[in-house]
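> If you scroll down you'll find the structure; I have some questions about it.
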Amino acid sequence: MRVLVIGSGAREHALVLAASHDPAVTALACAPGNAGTAAVAETLGVDLTDPAAIAELAVSWKADLVVIGPEVPLVAGAADAVRAAGVPCFGPSAKAARIEGSKAFAKEVMAAAGVPTARSEVVDNPAHLDAALARFGPTWVVKDDGLAAGKGVVVTDDLERARKHALMLLDGGHPVVLESFLDGPEASLFCLVDGRTVVPLLPAQDFKRVGDGDAGPNTGGMGAYAPLPWAPPNLVDEVVDTIVRPVVDELARRGTPFTGLLYAGLALTSSGPQVIEFNCRFGDPETQAVLALLRSPLAQLLHATATGTLAEQPPLEWADGAAVTVVVAADGYPGRPRTGDVVVGSEAEGVLHAGTRRREDGAVVSSGGRVLSVVGVGPDLTAAREQAYERVGRIHLAGSHHRSDIAARAARGELSIPTR
Ligand code: AMP
Ligand code: GLY
C-alpha cells in the first residue's frame, strides 16, 4: 500500500512513523512534511489550501491511501477532491468537517443528537453583546465561530476582558459564540469513524496553556499524555454511547456521513462528560502520545476507515503503560515565533518534528512556533514523563521553552472528576 500523508506537523510525523511500522505499507510520502518526516517518508511539495493540487498529487504519486492531517485542507474540501479522483482518503468531506469548521454548526448537530454540551449563543451584532454577556458568567467563555487553532477562545472571570475579546472578534467580522462554563478536567477521545462504525482510541489529555500550572494564553497544545489513569474504566464506552455515536448517526442521517477521525474534546463534569468541541482530524499533540502506544497496523486501520470496512477489523491492540509528549516551542510562541535557529539533538529516538526544515548546509533549523514534540513511554505516567523530559534535556534550541508539568498532576494522582 502506497500511503501519502498530508501535513507538516509532529502529528504527521507520528502518523508516518506509525505507518512505517505497518507491514502492508510499501511506500510512504509526506507533503509538505518537515525535516523529521523526511527521515521516514519521501517529501513532496503541496499547497495545503488547494484541494485540487492535493488530489493531483495523490493521483500522480499513485497513492492507495491519502491521510489528511490538518483541518484546513479538510474544511476546504481536500478529502472530497481526493475521493473524486478515485483515491481512498482518510478524512471527512467538507460538509462533515463543518463539525470543526463552524462551532455554530457543531452546536446545532449536538442539539439534534441530544449530546450534552455547554449552553451557547451566537452573537453577530455588537449591539446585542452586553445583553448576551449578562445571560452568561461568571465565568465567561468567548469563542470565535470558525477555525482558530485553539487560540480564538478566552475563558475569564473578568467581564470587561470577555467584552473586549468579543468586540475584537466582531470588529474583524467574526460571529462570536458565548458558552456556559464547564467544570471538571478535560479529555480528548479520538475515534476512527467510517461513516457508521465507531472505533475509539485511548483517551488522552492535552495542555493548551503556554505555561506551567496552566498560566498564560492558549496555544495549539504544549503537551499531552495517554491513557488517563484517573478516569473511570467505563469512560470511553460512555463517551462513545452518549456523544460520539449519536453525532455520527446524526451526520449520516443528514446525508453527510463522517469518515476519518472524529475528535471529541470533553469536559468531565460533575454531571457527566460534556462536549467542549469536536475536531475533524487527529489532535496535536495528543496523537504523538496515543500512537506511541498503538500496536495495531495503523495504515491498514486508516485504509479500512477510508473504505467503510472498520467493522471487519480485529479489536485494537495497545502497549501496556503510558506515553507522554512534551512540546518544545520557539522563543515568542504562541505570539510571533522566532525561526531559523539551529535545533541540536532532533534526530534522537522519540523526537517528532513540527516546525523544522533542513537548511542547505544540512542543519535542522526551526521554522514554526511548535518546533518539536518529544515523546517518552514507560510502564506508568511517572516513567513516561521521566523518559520524555530526559529526552527534552538533550535538545538544544536557543530561546526555546516547554512546560515542565505535562502529566505531573495525573502522575501524582491529583486529578479526579468533580462530584455533585
Ligand atoms: P476550544 O477552541 O473550543 O477547544 O477551546 C479551547 C479551550 O478553552 C478548551 O480546551 C478549554 O480549556 C477552554 N474552554 C472552551 N470552552 C469551554 C467551556 N465551555 N467551559 C470551560 N472551558 C472551556
Ligand atoms: N490538541 C488540540 C487540537 O489538536 O486541537
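Bear in mind that the values in this text are calculations on the coordinates, not laboratory data. Owing to the predicted nature of the structure, the values given are computational and were not obtained by experimental measurement. Every residue, glycine as well, gets a Cβ built from its backbone with ideal geometry; the counts of neighbours run over all protein chains shown.
> How many angstrom lie between the Cα centre of the stretch 371-398 and the Cα centre of the stretch 1-39?
Distance between centres, Cα-based: 22 Å.
> Using Cα pairs closer than 8 Å and at least 6 residues apart in sequence, work out the relative contact order for the chain, in percent.
About 17 percent, as a whole number.
> Expressed as a fraction of 2.2 N^0.38 Å, the rule-of-thumb size for a compact globular protein of N residues, what is the C-alpha radius of gyration of the chain? Don't skip to the answer; put the middle values down first.
Numbers: Rg = 20.4 Å, N = 420, 2.2 N^0.38 = 21.8 Å.
With N residues counted in the chain, Rg over 2.2 N^0.38 Å equals 0.94.
> Could you work out the relative contact order of the stretch 73-228? I mean the mean sequence separation of Cα pairs under 8 Å and 6+ apart, divided by the number of residues, in percent.
Worked out over the stretch 73-228, it gives 17 percent.
> Seen from all sides and averaged, what is the projected area of the convex hull of the Cα atoms in the stretch 1-96, in nm²? Don't skip to the end; give the middle numbers.
Details: hull surface 20.7 nm².
Average of the hull's projected areas for the stretch 1-96 equals 5.2 nm².
> Write down the percent of antiparallel bridges among all DSSP beta bridges whose residues are both part of the chain, to the nearest 5.
So the antiparallel bridges amount to about 80 percent of the total.
> Only Cα pairs under 8 Å and at least 6 apart count here; give the relative contact order of the stretch 222-337 as a rounded whole percent.
33
> In addition: At each listed q (0.15 Å⁻¹), what is the log10 of I(q)/I(0) that the Debye formula gives for the stretch 154-225 modelled as equal alpha-carbon point scatterers?
Debye output, listed in q order: -0.77.
> From the backbone phi of the stretch 335-348, what are the Karplus-calculated ³J(HN,Hα) couplings (6.51 cos²θ - 1.76 cosθ + 1.60, θ = phi - 60°) in whole Hz, Gly and Pro given as x?
Here the 3J(HN,Hα) series is x, 6, x, 7, 10, x, 7, 5, 9, 9, x, 7, 9, 6 Hz.
> If you don't mind, there's one more thing I want to ask. In straight Cα distance, which aspartates and glutamates are under 16 Å from Lys62, not counting same-chain residues fewer than 8 positions off?
Within the straight-line limit of under 16 Å, Lys62 reaches these aspartates and glutamates: Glu42.
> Amide H of Asp50: which non-local residues (sequence gap of 5 or more, or other chain) have their own amide H closer than 5 Å, using H built in the peptide plane?
It is none; the list stays empty.
> Evaluate the stretch 205-268: find the radius of gyration of its Cα atoms, find its Kirkwood radius, and give the ratio Rg to Rh. Write out the running numbers ahead of the final one.
Working: Rg = 15.2 Å, Rh = 14.2 Å.
Rg/Rh for the stretch 205-268 comes to 1.08.
> Let me ask another. Charges at C-beta only: +1 for Lys and Arg, -1 for Asp and Glu. How large is the resulting dipole of the chain about its Cα centre, in Debye rounded to 20?
280
> Within straight cross-link reach of Lys208, meaning Cα distance under 23 Å, which lysines are found once same-chain residues fewer than 8 apart are removed?
Lys103, Lys107, Lys143, Lys151, Lys164
> What's the center-to-center distance, using Cα atoms, between the stretch 308-353 and the stretch 178-240 in Å?
16
> Which shape class, rounded, prolate or oblate, goes with the stretch 111-181 when its Cα gyration tensor gives a ≥ b ≥ c as root eigenvalues, a/c under 1.5 marks rounded, and past that a/b bigger than b/c marks prolate?
Note, shape of the stretch 111-181 comes out rounded.
> 5 Å is the cut-off here: which amide hydrogens, built 1.01 Å from N in the peptide plane, fall below it relative to Thr269, excluding neighbours closer than 5 in sequence?
For Thr269, whose amide H was placed from the backbone, the distant partners under 5 Å are Gln274.
> I need the phi-derived Karplus couplings for the stretch 223-228: 6.51 cos²θ - 1.76 cosθ + 1.60, θ = phi - 60°, integer Hz, Gly and Pro marked x.
Each residue's phi maps through the Karplus curve to give x, 6, 8, 8, x, 10 Hz.
> Continuing with this model, one more query. Determine the calculated [θ] at 222 nm for the chain from helices alone, applying -39500 (n - 2.57) to every DSSP H run no shorter than 4 residues and normalising by the residue count; nearest 500 deg cm²/dmol.
The helix contribution divided over the chain gives -8000 deg cm²/dmol.
> List the residues, sorted by chain then number, that are 5 or more residues from Ala322 or on another chain and whose placed amide H is less than 5 Å from its amide H.
Here the answer is Gly378, Asp380, since their amide H atoms fall under 5 Å of that of Ala322.
> When you have a sec, figure out the Kirkwood radius of the stretch 51-205 from all distinct Cα pair distances and drop it here in Å to one decimal? List each step's numbers first, then the result.
On the way: mean 1/r = 0.0567 Å⁻¹.
Hydrodynamic radius (Kirkwood, Cα only) of the stretch 51-205 equals 17.6 Å.
> Here is a follow-up. Output needed: percent of Cα pairs per 10 Å distance bin for the stretch 291-373, bins running from 0 to the one holding the longest distance.
Taking all Cα pairs of the stretch 291-373, the binned fractions are 16, 31, 24, 23, 6 percent.
> So for each of 24-36, 225-237 I average, over its residues, the number of other beta carbons within 10 Å; can you give me the resulting order with the highest mean first?
Peptide ranking by packing, descending: 24-36, 225-237.
> For a quick check of your reading of the filter: which GluC sites (Glu not before Pro) in the stretch 175-280 sit in a DSSP loop and have no more than 14 other Cβ atoms within 10 Å?
Listed in order of number, the matching sites amount to none.
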